[in-house]
Amino acid sequence: MAMALKDRILSALEHNDKGLTKREIARGLSLVGKNKAGLKEALSALEEAGKIERQDKRKYVIAGRLPNVFVAEFFDTDSDGELLARPADRDRKTPPPTIILAPGEADGRKGAAIGIGDKALIRITPDDQGYSARIIKKLPQNHVQEQRLLGVARTVRGGVEIMPSARKSRHPMVLRPLDCDKVEDGDLVVVTETRERKYGNALVKLVERLGDANAPRAASMIALVEHGIPQSFAADEMAEAEAAKPATLGKRTDLRTLPLITIDPDDARDFDDAVHARADTDPKNQGGWIVTVAIADVAAYVKGGGALDRGARKRGNSVYLPDQVVPMLPERLSNDLCSLRPHEDRACMAVQMVFDANGSKRKHTFMRALMRSHARLSYTQAQNAIDGKPDETAAPVLEGVLKPLWAAYATLKIARAQRSPLEIESTERKIRVNEQGKIASITKQDRFDAHRLIEEFMVSANVCAAEMLESKTCPLIYRVHDASSAEKLHALSDFLRTIDIKWAKGERATTKRFNTLISKT
């Protein structure tokens, strides 16, 4: 029975290049009760036998299996002088198969020459010796950077030890004597290793003292340091930000009289997008709507290749933590010039979309514009106003702005129902932490039509952006959902049978079917 289970596991993994978690294997093989209890033992046995291995700690894959395209490093040559490659990520326990660079790929005729120690993105194909590799792109050599380590200072006889915060390293480090007077027992510190000690515990030097390791902000500081998230901006970045001036009309389209409004969470600090809707007066589009979505025009202040642009590329995005926000751009931009604050002129990128009475988009127009938000509302304020309870901020825009927005949204919902996208409504909860770092309250976050309205308008705007970029043949990345594998659909069908819900295995898995299923559960 045990061997049969191992064979079934191997068969499942053979048909799934991306790997499967233990839970996915159990579902795919319909393992329940005693059979499921033996899964862990079977996986361990296969792993010890070298037939499977873990990928990303959670997923199991066939040992030695490689994707068709990956980053490789060239480490040696074979007896014929051909370069040998191996995956640059060598976390796997089993040795990779032989990968030989195809003749003519290393001499630079297709780009930069390749040698031992280089890294490249390669494409492999199976051959008699293992795999033959072809170069897609040589990768630049990374400069060796000083590794920053995070730990807690502990006073010991004769000096100070630094206990690493990372779980994977539990060996204490020794703080060099020169820095011992700069820290106190229990301090959270950032250190780097020195090259002064070859044996024993690593000798480190102090880089930064972050304060009490038990302070409420300590957890956030640990996360920021361990993930290498910059917490300050370089002098040239700050200089560019401070030199930025509010945008003027110039060649921009003037949208300042259009009553655009922002609708955001109650605690939002910056306001990135604004919306407006009005009935289309074109007699050829009776019942149609013109919807405008505007976002802050960051490019008005961040010039390509400049200090702010280079810094933003490194950060990638703003980081939101329970007690702080680490912005991608200095606050002069993120919370001021690039925030669509009410009653202030702001540079924006806007798209005007024309929809027919059935919610189908007929056309759209992009423009760089100058706008002035007419109101800053929260989702709660907007929803309360529509429900007949407007406050002093929402009341002035109820008839002229909010009601047309909701009417336009009702029209777009007709087209949405025809598309039948996957509808997964999950409940969010907000955790409030007090000044001592203790949880003060946990509250359920209500989800309103106001949330869905903004989401629908933003999705429509993004579709327009994708269509425009496609028309300009610009390379872009789509966010897509892969189709479910046959194994997962079989596992789903078997599970649903246990709760008396039928799912025919042969039928096509569509979002409409999934929505019907969700409504039953």
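Could we say that K430 is assigned to a strand (DSSP E or B), of a type in the set (K, R) and within 19 Å of I454 (Cβ to Cβ) here?
On the way: assigned to a strand (DSSP E or B): yes; of a type in the set (K, R): yes; within 19 Å of I454 (Cβ to Cβ): yes.
Yes; evaluated as a whole, the condition is true for this residue.
Tell me, which residue of the range 457-466 that is in contact (Cβ under 8 Å) with a residue 24 or more places away in the chain and over 17 Å from S378 (Cα atoms) is surrounded by the most Cβ atoms within 10 Å (Cβ to Cβ)?
Initial filter on the range 457-466 (in contact (Cβ under 8 Å) with a residue 24 or more places away in the chain): 457-458, 460-461, 463-465.
Filter once more, keeping what is over 17 Å from S378 (Cα atoms): 460-461, 463-465.
On the way: S460: 21, A461: 24, V463: 14, C464: 19, A465: 15.
Residue satisfying both the conditions and the ranking: A461.
Among the residues that make up the range 351-359, is at least one of them farther than 19 Å from H276 by Cβ and of a type in the set (D, E, K, R)?
Scanning the range 351-359 turns up no residue that is farther than 19 Å from H276 by Cβ and of a type in the set (D, E, K, R).
Counting residues that are charged (D, E, K, R), which strands (runs of 3 or more DSSP E) fully inside the range 230-334 reach at least 2?
Here the list reads 273-279.
Need the failing condition index for S420 against (1) more than 26 Å from T380 (Cβ to Cβ); (2) modelled with pLDDT of 85 or more; (3) touching a Lys or Arg at 6+ places or on another chain (Cβ under 7 Å), just the number.
Answer for S420: the failing condition is (2).
Just to verify a result, which residue in the range 270-318, among those that are farther than 23 Å from H364 by Cα and of a type in the set (S, T, N, Q), is surrounded by the most Cβ atoms within 10 Å (Cβ to Cβ)?
Top of the filtered list is S318.
Criterion first (touching a Lys or Arg at 6+ places or on another chain (Cβ under 8 Å), assigned to a helix (DSSP H, G or I) and closer than 24 Å to A417 by Cβ) does S460 satisfy it?
Against the criterion (touching a Lys or Arg at 6+ places or on another chain (Cβ under 8 Å), assigned to a helix (DSSP H, G or I) and closer than 24 Å to A417 by Cβ), S460 qualifies.
What pairs come out if I take residues in the range 410-427 that are free of Cβ contacts under 8 Å to residues at least 24 places away in the same chain and pair them with residues that are not in a loop (DSSP other than H, G, I, E, B) whose C-beta lies under 8 Å away, six or more apart or interchain?
T427/K444; T427/Q445
Anything in the range 367-393 that is of a type in the set (G, A, S) and part of a loop (DSSP other than H, G, I, E, B)? List them, or say none.
Listed by number, the list holds a single entry, G388.
Failed condition for T257, given (1) exposed (fewer than 14 other Cβ atoms within 10 Å of the Cβ); (2) more than 30 Å from L370 (Cα to Cα), with all others met?
Condition not satisfied by T257: (2).
Name every residue in the range 313-333 that is at pLDDT below 90 and basic (K, R), in order of residue number.
R313, K314, R315
Mind checking which residues of the range 102-148 are among the acidic types (D, E), assigned to a loop (DSSP other than H, G, I, E, B) and at pLDDT 75 or above?
Within the range 102-148, E105, D118, D128 qualify.
Inside the range 1-39, can you point out the residues that are over 19 Å from H490 (Cβ atoms) and at pLDDT below 85? Walk me through it before giving the result.
Going through the range 1-39, the residues over 19 Å from H490 (Cβ atoms) turn out to be 1-3, 6, 34, 37-38.
Those that are over 19 Å from H490 (Cβ atoms) and at pLDDT below 85: M1, A2, M3, K34, A37, G38.
Which ones in the range 476-521 are touching a residue at least 24 places away in the same chain (Cβ under 8 Å), closer than 23 Å to R416 by Cα and in a loop (DSSP other than H, G, I, E, B)?
H481, A483, S484, A509, T510
Filter the range 384-396 for residues that are among the aliphatic types (A, V, I, L, M) and under 35 Å from the mean Cα position of the chain (by Cα); which is surrounded by the fewest Cβ atoms within 10 Å (Cβ to Cβ)?
Once the filter is applied, the top-ranked residue is I386.
For the range 360-380, what are the residues that are crowded, with 20+ Cβ neighbours inside 10 Å and either of a type in the set (V, I, T) or within 11 Å of I261 (Cβ to Cβ) (or both)?
Correct list: M371, R372, S373, H374, A375, L377.
Being assigned to a loop (DSSP other than H, G, I, E, B) and of a type in the set (D, E, K, R) is the filter here; which residues of the range 48-82 pass it?
Here is the first cut: in the range 48-82, the ones assigned to a loop (DSSP other than H, G, I, E, B) are 49-51, 56-58, 63-68, 78-82.
K51, D56, K57, R58, R65, D78, D80, E82 - these are the residues of the range 48-82 that are assigned to a loop (DSSP other than H, G, I, E, B) and of a type in the set (D, E, K, R).
The values are calculated or read from the model by the stated rules, or taken from the named source; none is laboratory data. Only a predicted model underlies this, so the values are computations on that prediction, with no experimental measurement involved. Ideal geometry is used to build each Cβ from the backbone, glycine not excepted, and the neighbour counts take in all protein chains shown.
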